[in-house]
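The values are calculated or read from the model by the stated rules, or taken from the named source; none is laboratory data. Owing to the predicted nature of the structure, the values given are computational and were not obtained by experimental measurement. FYI the Cβ positions are ideal-geometry reconstructions off the backbone, even for glycines, and counts take in every protein chain you see. Each accessible area value is taken on the protein alone, full model and side chains, heavy atoms only, with ligands, DNA and RNA left out. Shrake-Rupley method; radii C 1.70, N 1.55, O 1.52, S 1.80 Å.
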Amino acid sequence: MCGIVGYIGPRPVVPILLDGLKKLEYRGYDSSGIALTEGNGIEVFKRQGKLDALREELNGREFCAAAGIGHTRWATHGRPSDINAHPHTDCQGRFAVVHNGIIENYLPLKEWLISMGHIFRSETDTEVLPHLMEEFYEGDLVRTVMRVIRKLEGSYAMVVLALDEPGRLVAVRQDSPLVVGLGEGENFLASDIPALLCHTRNTYILEDGEIADVTPEGVAVLDRDGRKVEKSVFHVKWEAAQAEKGGYDHFMLKEIYEQPRALKDTLSGRIDPDSSRVVLSEIRMTPEQVRNIKKIFITACGTAYHAGLVGKHIIEKLVRIPVEIDIASEFRYRDPLVDGDSLVIVVSQSGETADTLAALRESRRRGARVLAVTNVVDSSIAREADDILYTWAGPEIAVASTKAYTTQLMCMCLIGLYLADIRGTLPEAERKAIIREMRKLGDKVRAILENCNVIDRFVQDYAGSENAFFIGRGLDHTVAMEGALKLKEISYIHAEAYAAGELKHGTLALIVKGVPVIALATQQDLYEKMVSNIKEVKAREATVMALAMNGAKDVEKVADHVLHLPSTHPLLAPVLTVVPLQLLAYRMAVARNCDVDQPRNLAKSVTVE
Ligand code: AGP
């Protein structure tokens, strides 16, 4: 997804912009660009491709700009190209704009601007913005931005640079994140905190409709009617190193190995040491509200949706309330039977996913209470939900979600235990057994990471495959879906997940000699059935790698490779089972020379529909 940076101050502008854009690479992009106020004009440099292409363009040039803006673009309106890259300018080159989001009414605006004599160069929705600036400008950039945003429908985080007012940057957000970094004699703008961390930890997180008037000396924040907004400084506590690779070859690998710590962080402070009850002080629902819930909905996208599938199993089992689960892009349009008696749980690592945010808004519009499970403090979803449960996974940079998923699973379990406690649906001994096991999960994940040689052997043999199947029953089926998504996403191997009992209803036709099948057999009550399903695919000469709990009998006799996992409570098994699948996807991707952290066509944070 697109990234924005801005700088105003005495230091050389270009390196600061390029470094900031580099820190935002994880968001995924197809082109990049910068604009600077230089002498008598605004200079714009933009190139399709990775940042190195832009660096090459800038190489050897001298600049004396005091302000600049930069952007990494992920194409929506108009293909990736130099011309469609941001920043965009008006006819006379007096305004330069970088923008994240979508201007939904750009077509009528563009037609009107063309009728007024404006000349467009790109295919983007964004280009209407500098032309609107040009049309409305009367000597005050802030007032012009206020006038422009009144014309806009859609989402935007934008920063504007004006030739006539070189000493300021003006920024505004609506449904797309934007942060001001506060320095001394200099100030910064960025769509995401990692771009600011090496300069400042003091920030203003802009809210929808807020406009930041940024000069080297200070930052004034105004609402859309020009009234001053008193902002409190948000001090970022992350370590800069935390947002970098820390010695691993890829962010994804680093994040896989961070899971033992992340899982512990998710639990920290949430289990009362005396009573060993779950305490979720962030959730402000009263016990009466909890007791009145008639139905629970879970909605999310991608990996977060897969965490929701596990959540459905856990909550139904522990709380005995019916749980419906939907992909957020379906939920928002299917007229769901959500009402004031419903609790809607939205799950989103980034907290910015457009479909999940829309599902949240739709649920609230229908009177439901919304509980968000998210990783990003102060994200849009966190701000709009009634209650929030942060996953505390730390920044997740790789496009492929790993530690966010396992910490989301932990949150699902915390929610289940919390609701069950208030509604009195779980015997104390069972609750204590689950909590005891939750506390051990971090160490068990570490043990799995230290003993995954089976995966290496499998990768050596099957890195050249173009197809793979993941099978499982019950909770194992939901984890199989996540394993298949991971493999597809980063290694580009076509992978499908099937409920093992469904094989004979069609998929078995695809199982032929040598096809790799990853069989998950961790659920004790379904274990015998799974062994039969493994036999079914073995009879068609597939090669099977099975994942089973320590002590599982007979699996060695039927599967070609077996990876044993430390045993745990069946509801918690997905946290362990997914780890070898993450590693499998990672190692396959490396063996196939794929761009692990930024797979083709994908973005980390999907803030458009
Ligand atoms: C995960 O590996 C994916 N990249 C993707 O499915 C992701 O989980 C999805 O886009 C949802 O993102 P969110 O959790 O930030 O809402």
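Values for this structure:
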{"quantity": "Options LEU318, LEU357, LEU280; residue that is in a helix (DSSP H, G or I) and away from the ligand (no atom under 16 Å from the Cβ)", "calculated": "LEU318"}
{"quantity": "Scope the range 153-177; condition at pLDDT 95 or above and either on the phi > 0 side of the Ramachandran plot or part of a loop (DSSP other than H, G, I, E, B) (or both); matching residues", "calculated": "LEU163, ASP164, GLU165, ARG168"}
{"quantity": "GLY464, sole failed condition from (1) open to solvent by 30 Å² or more (accessible area, probe 1.4 Å); (2) within 16 Å of the ligand (Cβ to nearest atom); (3) not in a helix (DSSP H, G or I); (4) not polar (S, T, N, Q)", "calculated": "(2)"}
{"quantity": "Complete set of residues in the range 331-350 that are at pLDDT below 95 and within 16 Å of the ligand (Cβ to nearest atom)", "calculated": "PHE331, ARG332, SER350"}
{"quantity": "Hits in the range 400-430 - residues which are open to solvent by 10 Å² or more (accessible area, probe 1.4 Å) and either within 14 Å of the ligand (Cβ to nearest atom) or of a type outside the set (A, V, I, L, M) (or both)", "calculated": "SER401, TYR418, ASP421, ARG423, GLY424, THR425, PRO427, GLU428, GLU430"}
{"quantity": "Test for SER379: is it closer than 30 Å to LYS488 by Cα, open to solvent by 10 Å² or more (accessible area, probe 1.4 Å) and within 12 Å of the chain's Cα centre (by Cα)", "calculated": "no"}
{"quantity": "Complete set of residues in the range 468-507 that are over 24 Å from GLY308 (Cα atoms), modelled with pLDDT of 95 or more and open to solvent by 20 Å² or more (accessible area, probe 1.4 Å)", "calculated": "TYR492"}
{"quantity": "The range 593-609: number of residues that are away from the ligand (no atom under 12 Å from the Cβ) and open to solvent by less than 60 Å² (accessible area, probe 1.4 Å)", "calculated": "1"}
{"quantity": "Neighbours by Cβ (under 7 Å, 6+ apart or cross-chain): first from the range 206-221, closer than 14 Å to ALA157 by Cβ; second exposed (fewer than 15 other Cβ atoms within 10 Å of the Cβ)", "calculated": "GLY209/ASP223; GLU210/ASP223"}
{"quantity": "Residue that is at pLDDT below 95 and under 33 Å from the mean Cα position of the chain (by Cα), where the choices are GLN582, GLN523", "calculated": "GLN523"}
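The rows are residues; the columns are (1) in contact with a Ser or Thr (Cβ under 6 Å, 6 or more places away or on another chain); (2) without any contact (Cβ under 8 Å) to a residue 60 or more places away in the chain; (3) under 30 Å from ILE4 (Cβ atoms).
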{"position": "VAL515", "(1), (2), (3)": "no, yes, no"}
{"position": "ASP525", "(1), (2), (3)": "no, yes, no"}
{"position": "LYS535", "(1), (2), (3)": "no, yes, no"}
{"position": "ALA542", "(1), (2), (3)": "no, no, no"}
{"position": "LEU563", "(1), (2), (3)": "no, no, no"}
{"position": "ASN593", "(1), (2), (3)": "no, yes, no"}
{"position": "ASN601", "(1), (2), (3)": "no, yes, yes"}
{"position": "VAL608", "(1), (2), (3)": "yes, no, yes"}
